[in-house]
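The values are calculated or read from the model by the stated rules, or taken from the named source; none is laboratory data. As the structure is a prediction and not an experimental result, all values here were calculated from the model. With ideal geometry, Cβ positions are generated from the backbone for all residues, glycine too; neighbour counts draw on all protein chains shown.
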Amino acid sequence: MTTPQTPQHGRPYDPQQQHGYGWPGQQDGAPYGYPQQFAQVPQQRQPAPAPRKRRKWPFVFGGVVVLAVLLGVIAGLGSGGSGTTAAPAGGGAASAAAAGDSAKGPVAAGQAQVNDGVTLTATALKASTSFGQKVLCTTVSYRNGSTSQAGYNQFDWKLQDPNGAIVVSTLAEGNTLNSGNLAAGGSVSGGVCFKNPGLKGTYQVQYTGSIFSSSADVVWTSQVG
């Protein structure tokens, strides 16, 4: 028979000090039946917001424009020429053509000009809208009267505004001029458009024969406004 322990003098007997009472590791003074510490529940991280998708269509459209310009430049390298003469309209013009006159105009819109055996025309400018921007457009035509192939390209054409600023053609909607080669006796026509600066006065439509050419082989004048 076990003899109960006698409490020490001055200290009351505490039955919870014996084994079997409270939670394991419970310290003195803690409420009976409750553990001193609880396991901490780990916090879940919030998912990061999905990255914002960038619009791809401006880059796609810009790439198409750049590609079209490069193709036009490549095709234009073989379409250049010099030695422009006015189309024979009488004895004086025929004599100038025979002498290799390099007179470049300008002439009125719609009048035919001959450049290296190719007859060129450009109609009067007309205001229009294409791809949401204001443009000035002319219809140009080629007729190859030489015995060899002749190139054509919309980027062989430039526009000089009334203030003297010169710009190259721009891409436009509709029946526009493409690029390629004409066999002997072949012909082609199409629209060539330029950004409209919104100025009134006399414009010049210039055929340069190459996008890299700094001078015009043929010039037509056209009144706007």
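Residue count for the stretch 203-225, restricted to those that are exposed (fewer than 14 other Cβ atoms within 10 Å of the Cβ) and within 15 Å of CYS137 (Cα to Cα): 2. For the stretch 146-169, the candidate set comprises residues that are surrounded by fewer than 20 Cβ atoms within 10 Å (Cβ to Cβ) and not aliphatic (A, V, I, L, M); within that set, the residue that is farthest from SER213 (Cα to Cα) is THR147. Every listed requirement among (1) under 27 Å from the mean Cα position of the chain (by Cα); (2) within 19 Å of VAL107 (Cα to Cα) is met by THR221 save one, (1).
Among the residues making up the stretch 170-225, those that are closer than 27 Å to THR147 by Cβ, polar (S, T, N, Q) and outside any loop (DSSP other than H, G, I, E, B) are SER179, ASN181, SER187, SER189, GLN206. Note on the stretch 120-135: among residues that are among the aliphatic types (A, V, I, L, M) and farther than 23 Å from GLY180 by Cα, the one that is surrounded by the fewest Cβ atoms within 10 Å (Cβ to Cβ) is ALA127. Scanning the stretch 204-212 for any residue that is more than 17 Å from ALA108 (Cβ to Cβ), touching a residue at least 60 places away in the same chain (Cβ under 8 Å) and over 27 Å from the mean Cα position of the chain (by Cα) turns up nothing. Here TYR142 passes the criteria (1) under 17 Å from SER210 (Cα atoms); (2) modelled with pLDDT of 95 or more; (3) surrounded by fewer than 20 Cβ atoms within 10 Å (Cβ to Cβ) except the one numbered (3).
Here PHE194 fits the description: surrounded by 18 or more Cβ atoms within 10 Å (Cβ to Cβ), modelled with pLDDT of 95 or more and under 16 Å from VAL135 (Cβ atoms).
Residues that are closer than 20 Å to ALA216 by Cβ, within 29 Å of the chain's Cα centre (by Cα), assigned to a loop (DSSP other than H, G, I, E, B) and charged (D, E, K, R) occur in the stretch 141-163; there is at least one.
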